[in-house]
1. Toward the positive end of the charge dipole of the chain, about the Cα centre and with charges on Cβ (Lys, Arg +1; Asp, Glu -1), which of F230, V288, T305 goes farthest?
2. Counting each DSSP H run of 4 or more residues in the chain as -39500 (n - 2.57), what helix-only mean residue ellipticity at 222 nm follows after dividing by all residues, to the nearest 500 deg cm²/dmol?
3. Starting from the Cα of N181, step 7 Å along the direction of its Cβ; do the same at D114; then give the gap between the two resulting points in nm.
4. Using +1 on the beta carbon of Lys and Arg, -1 on that of Asp and Glu, and nothing else charged, what's the dipole of region 67-161 about the Cα centre, debye to 20?
5. Hey, rough spin-label estimate for Y72 and E149, points 7 angstrom out along Cα→Cβ, what's it come to in nanometres?
6. If I model a spin label as a point 7 Å beyond the Cα along the Cα-Cβ vector, how far apart are those points for L21 and Q42 in nm?
7. Show which lysines lie in cross-link reach of K116 when reach means a straight Cα distance below 25 angstrom and same-chain residues fewer than eight apart are skipped.
8. Hey, which lysines would be in cross-link range of K272, C-alpha to C-alpha under 27 Å, not counting anything within fewer than 8 residues on its own chain?
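Nothing in this text is a laboratory measurement; each read-out follows from the coordinates by a stated rule. Treat the numbers as computed from the prediction; the structure is a model and nothing was measured. Glycine also receives a Cβ, built like all others from the backbone with ideal geometry; neighbour counts cover every protein chain displayed.
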Amino acid sequence: MSLDIRPVVSSLLRNRTGAVLVAFQIAIALAVLVNAVFIVQQRIEKTNRPTLLDDQNLFGVAVGEFTDRFNYDASLREDLDYLRSLPGVVSASVSNSIPLGISGSATTVWTQPDNKGNRAQINYFSMDEQGLKTLGVRLIAGRAFRVNEILPPLTAQNSTDFVPQLIVTQVVAEKLFPHENALGKTVYDLRGRPATITGIIDNMTGTAYWGNEALDHVAIMPQLPRLYGFDYLVRTEPGRRDAIMRTVEEHLSTSNPDRVIKFVRSVELFKKLLYRDDRNMEVFLITVTVLLLAIASLGIFGLATFNVSARTKQIGTRRAVGARRVDIVRYFMVENGLITTAGIAVGCALALAIGYWLSLQYQLPRLDLYYLVGGVLALWLIGQAAAWQPARRAAAVSPSVATRTV
C-alpha cells in the first residue's frame, strides 16, 4: 500500500496547534544546540591550548616586604642561591608576576616614535638572566639576556625608565613587523624611548592583563622587579614539583623575618583559575542543551502518542481495509518527519541569526556551517527516534477496533 503524503498534510493542517508547538520546540532546540556546541568547542580549544611553558613543573612564590629593615639585594641573592641549590630544581628566577595569573604588568610599544607606526599591547615579565630557562619557553631567534644586561630593581625613582632590550613572543613580533624579521628592530614606548628586540620566543601564555584573547602578547624585560612586588619562579624536574614546593615554603617562611611569603602555588593551579569561567560556561551550555533536547524529544513523543490515541478507530479502519503494520508505522513517521523538518527549517534561520548576533556582540568567530549540518542531522534523528515507539504502538492496533464504538 503506497503512502500519499497529501492526507498526512491535510491531517496536520486540521490539527495544527500541537504540531506548531512541537515544531517551535525543535526550532529553539536546534538554534541553541548548534550555537552552544560551537561555543563549547571554542572554549575547549581555548582551555586546552598549550601554554608553551613548562607549566607542569613550574611554581611561583609570592614575596612581600615586611619591615623597614628588609634588604632587597641581600634577600634576593640569598633566596635565589637557596632555590637554585635545591636538588631537583632546574632553574629559578625573580619575576614581577606569575604566568597565567589574573594580574600582571603591561605596556604598549610602537614601531616609530611619538606613538606612530604599528602598535602592540604586551603584558611583560621583568626577570633576570635565568628567566627564559625558568619559564621553559623555546627561543626561536636571537639570544637570552646576559648577566650584565639585567637592570637594577624597579623603584619609584626609576619607574619611568624604559628597558634597552626586549624579548618578545612571535605573535608580537609579527604584529609589529609583519612579513619582516623583527630581530634587531627597534620599538618605542609611550614616551618615545627605544628598545631593541634581542630575542623572539614561542607564543607562551602570559597573564590576563589585556584579556584572555591576548594571553600570548608577551615581552620579557631584563630588570629586577620590586616597585609593585615580586615573585620567585621555580622550575623543577618532572615529578618533583610538589615535594620541592613544600620544602621551599617551610624554609622561606622562617629564613627571613623581614619579609613575608604570601603563598606558594603551582602554575597549573593558576591555569585552572584562569580558565575556570570558561569551564563553568561549558558545563552550563551542555546542561541547557541536553535539557532542551530532552524537552523537544518529550514534545515529539507526546504529540505522536496523542495522535495515536486520538486516531485509534481510524487506524483500525485502515487496518481493516488492508493497511499493513508497516504502512501505519510509515504514516506516523512521515507525519512526524514533516513536523520535524518544518521545525528544523525555522531553526536553521534562527541558529544563523543567533550566531551572527553573537559574533557581533561578543567578537566570537562566525558559526561554522558544519555545526549547523550536524545539528540538523542530530535533531532529525532524535525526532524520528522519539516517534518510533508511538508509531509501533499504532501499528499494533487490531482491525477489529473499527467495529467498536469509540
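1. T305
2. -17000 deg cm²/dmol, from helical runs alone.
3. 3.1 nm
4. For this selection, approximately 440 debye.
5. In this crude spin-label approximation the distance works out to 2.2 nm.
6. The answer from the label model is 3.5 nm.
7. Cα-Cα hits under 25 Å: K175, K185.
8. K46, K133, K262
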